[in-house]
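Here the structure comes first, spelled out in structure tokens, and everything after it is commentary.
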Amino acid sequence: MTLKIISTEDILFQGEVTSVSLPGRMGEFTVLRNHASLISELVTGKIRFTDPNGNTEEIPVEGGLADVDRNVISVCIF
């Protein structure tokens with residue numbers, strides 16, 4: 001699945017991942033392949049994702065929006 005993380009200034013990440021954990025308003029949630037479509041507000045926390053090689057990365061966020069649809073996770077952060 002494809003993850004795109006953008007800010008007002010730059011594209012922070014764009015690539016293939018196997019899982020993504022996001023800090024949603026109702027708590028952290030994880031997105032895996034074939035997840036149901038959703039849109040969620042993000043709060044202060046960390047976006048954690050794992051690439052196909054098993055490497056994990058974290059990006060701190062103050063807030064934002066996440067859109068999950070057809071194995072594409074688009075995240076706009078502030």
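General remarks:
- Once backbone amide H atoms are built at 1.01 Å from N, Ser19 has Thr50 as its partners under 5 Å, excluding neighbours fewer than 5 places away on the same chain.
- In the chain, the DSSP beta bridges split such that about 85 percent are antiparallel, to the nearest 5.
- Protein accessible area in the chain, 1.4 Å probe - carbon and sulfur %: 51
- Taking all protein chains into account, the per residue accessible area for the chain stands at 61 Å² (1.4 Å probe).
- Here the ratio of the Cα radius of gyration of the chain to 2.2 N^0.38 Å is 0.97.
The values are calculated or read from the model by the stated rules, or taken from the named source; none is laboratory data. Treat the numbers as computed from the prediction; the structure is a model and nothing was measured. Ligands, DNA and RNA are excluded from the accessible area calculation, which covers all protein heavy atoms including side chains. Shrake-Rupley method; radii C 1.70, N 1.55, O 1.52, S 1.80 Å.
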